[in-house]
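Below: one structure, written as structure tokens.
The values are calculated or read from the model by the stated rules, or taken from the named source; none is laboratory data. Everything quoted here is computed from the prediction, not taken from an experiment. Note: ideal-geometry Cβ built from the backbone for every residue, glycine included; neighbour counts use all protein chains shown.
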Amino acid sequence: MGGEPFVWLTGGALTLALLLVVGLIGLIIANGMGFFWPKDVVRLTLVDNTVMTGQIVEREPVPGKPHQYRIKLKVANRDLYGADFQWGGRVPGRQAGVPARRRRDRATEWGLLIGTIKEVRDGGNALAVGPAAGWAEIQKRMDQMERVRRQIRVIEKSEIGAINAKQEALRSSSRPSRCAESPLAVRSRPS
């Protein structure tokens, strides 16, 4: 009888700990599943009549203005805007439109690419104008682009890596020992 309440207390604490762990795993799964199913791309007209295309990430009310919200859009295109996200005030009563020919593609160096294809250029020459013709031209060139990307990676890893290794070896061999340069180095005195 003396230790029975502590057994129940320990069992209850263990049950609570297990529930917390299961809840935490459930929360991680619920928040992480959105990564595998990205949100739809929408086109919004903002209060200042600018049009932005992206994925709605967050929405918060504008303080002191009922029925007005600020929208946080993932516009991606970091090379154009300098940031992945943009805030803007949405016009109340206007619905978010879904662009007819929108694209959400992976861009290698600058993250996602969200937008509508206007034209495809090679140097100064326009190869295709418009979303449909532009997408067809990109599809034709996709294999060539992947081949060039692989060649670039090989050059970066092997040739440039070898040059960097040689430079490091030259730099470390031309530098005298740090111990001899140190003002704290012990030097023998002549007797």
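Quick notes on this one:
- Condition met for residue 73 (loosely packed, with under 11 Cβ neighbours inside 10 Å and on the phi < 0 side of the Ramachandran plot): no
- Taking the numbered list (1) over 29 Å from residue 145 (Cβ atoms); (2) at pLDDT 80 or above in turn, residue 69 passes all entries but (2).
- Every test in (1) within 30 Å of residue 138 (Cβ to Cβ); (2) modelled with pLDDT under 75 is passed by residue 85 save one, and that test is (2).
- Look at (1) more than 29 Å from residue 133 (Cα to Cα); (2) modelled with pLDDT of 80 or more and you find that residue 46 fails only one, number (2).
- The residue list 163, 155, 138 contains one member that is under 27 Å from residue 81 (Cα atoms), at pLDDT 60 or above, among the hydrophobic types (A, V, I, L, M, F, W, C) and surrounded by 10 or more Cβ atoms within 10 Å (Cβ to Cβ), which is 138.
- Leading residue by the ranking (nearest to residue 76 (Cα to Cα)) among those in region 116-140 that are of a type in the set (Gly, Ala, Ser) and assigned to a loop (DSSP other than H, G, I, E, B): 130
- Residue that is surrounded by the most Cβ atoms within 10 Å (Cβ to Cβ) [pool: residues in region 89-135 that are β-branched (Val, Ile, Thr) and at pLDDT 65 or above]: 114
- The set of residues from region 11-64 being surrounded by 10 or more Cβ atoms within 10 Å (Cβ to Cβ) and of a type in the set (S, T, N, Q) comprises 15, 45, 50, 53, 55.
- Counted as qualifying within region 1-94 are the strands (runs of 3 or more DSSP E) with 1 or more residues that are farther than 26 Å from residue 116 by Cβ, namely 51-61.
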